[in-house]
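Only the coordinates and a few stated rules stand behind these numbers; no lab work does. Not measured: the values here are computed from a predicted model. Please note: Cβ atoms are built from the backbone with ideal geometry, for glycine as well, and neighbour counts cover all protein chains shown.
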Protein chains: 2
Amino acid sequence: VKIDSLRKLFLEELRDVYHAEKQITKALPKMAKAATAPDLKAAFVQHLAETKGQVERLERVFEAMGKPAKGKTCKAMQGLVEEASELLEEDIEPAVLDAGLIAAAQRVEHYEIAAYGTLKTYARLLGEEDAAGLLQETLDEEGATDKKLSALAEGVINLEAV
Amino acid sequence: VKIDSLRKLFLEELRDVYHAEKQITKALPKMAKAATAPDLKAAFVQHLAETKGQVERLERVFEAMGKPAKGKTCKAMQGLVEEASELLEEDIEPAVLDAGLIAAAQRVEHYEIAAYGTLKTYARLLGEEDAAGLLQETLDEEGATDKKLSALAEGVINLEAV
């Protein structure tokens with residue numbers, strides 16, 4: 001495919017993040033299962049439900065663009081998920097594992113914050129206001145999740161892990 | 001290695017970001033070469049110098065912790081850099097390439113923002129104030145770079161690429 005317009009680049013990046021979100025829906029149940037602090041477990045379970053909503057929202061963005069929803073391998077998210085999986089295989093204390101899981105999850109959130117920020121900007125520049133609105137909704141959710149994880153990390157888990 | 005304390009997790013994550021920064025110092029010259037907008041080229045060149053300073057700063061953090069500076073393969077950054085490299089091989093219009101390079105660079109910045117945010121929090125909890133201060137300096141730089149890239153994307157390059 002020749003990428004000769006911002007619209008085509010937008011679609012390529014939409015496919016990237018669609019694949020990334022699908023990978024996250026597979027990783028979160030494992031992270032929820034591994035987490036030991038009940039608050040953290042609950043946060044992962046809640047974020048899984050939210051992520052499924054974000055996948056559906058992306059499908060509405062594809063629809064708004066008149067394109068079929070299709071993923072494209074997101075290597076960055078593969079690396080991020082792999083790092084989180086490796087953590088689950090480490091010989092690690094429970095409270096330290098929780099801290100590590102939060103760190104991994106915040107890296108994932110920041111990938112998404114960057115990706116949705118770019119997509120929203122492109123949608124605005126392309127005059128695709130419906131798509132831009134949907135992308136902004138997800139961007140707000142990701143930002144809130146990141147803040148929640150920071151609070152969990154600072155308030156409880158790291159102190160237990162010291 | 002048994003990761004039985006936040007201190008050990010901190011060191012593991014320090015090694016991860018040290019390896020990530022070294023990968024970035026290799027990727028940035030290619031991105032600067034490929035960028036077509038002079039402002040963007042200049043931003044990548046400037047960020048390369050800054051990144052080299054961040055590598056040295058990490059070495060000071062290792063020193064403050066009484067540990068040798070040593071990297072540990074950061075798979076997430078490998079994925080991020082690979083995505084940026086793939087972009088350089090696409091059949092792509094120059095202005096669209098610039099937009100894509102900014103998008104890739106912002107994903108890299110956000111990985112670092114998440115990583116340094118976590119490290120700084122850990123350093124504070126561990127009472128390692130010197131390390132925390134150094135990490136905060138880099139965190140501020142990464143945040144500023146991300147904002148600069150957003151301004152470049154919104155102001156000039158994406159408009160040319162529409």
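Find how much the distance from B:Glu137 to B:Thr36 grows on full extension, using 0.36 nm per residue of separation minus their present alpha carbon separation; answer in nm with one decimal. Please list the in-between numbers first.
Details: separation 101, 0.36 × 101 = 36.36 nm, distance 3.01 nm.
Here the segment from B:Glu137 to B:Thr36 would lengthen by 33.4 nm.
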* Asked: Could you give the radius of gyration (one decimal) and Dmax (whole number) of the Cα atoms in chain B, in Å?
  -> 16.7, 53
* **Value of [θ]222 nm, deg cm²/dmol, for chain A, DSSP H segments ≥ 4, -39500 (n - 2.57) each, nearest 500** => -28000 deg cm²/dmol
* Asked: From Cα coordinates alone, what are the radius of gyration and Dmax values for the range A:73-133 in angstrom?
  -> 16.1, 51
* Cα-centre dipole for the range A:32-82 with unit charges at Cβ (Lys and Arg positive, Asp and Glu negative), debye to 20 -> 200
* Asked: So what does the Cα-only Debye profile of the protein assembly as shown read at q = 0.11 Å⁻¹, as log10 I(q)/I(0), no solvent term?
  -> -0.66
* Asked: Between A:Leu88 and the same site in the other copies, what are the distances in nm, shortest first, taking label points 7 Å from Cα along the C-beta direction?
  -> 3.5
* Asked: Given a Förster distance of 25 angstrom, what is the FRET efficiency for B:Glu90 paired with B:Thr25, based on the Cβ-Cβ distance and rounded to 0.05?
  -> 0.60
* Taking the label point as lying 7 angstrom from Cα along the Cα-to-Cβ axis, what are the distances from B:Thr73 to the corresponding position in the remaining copies, in ascending order and in nanometres? -> 1.6
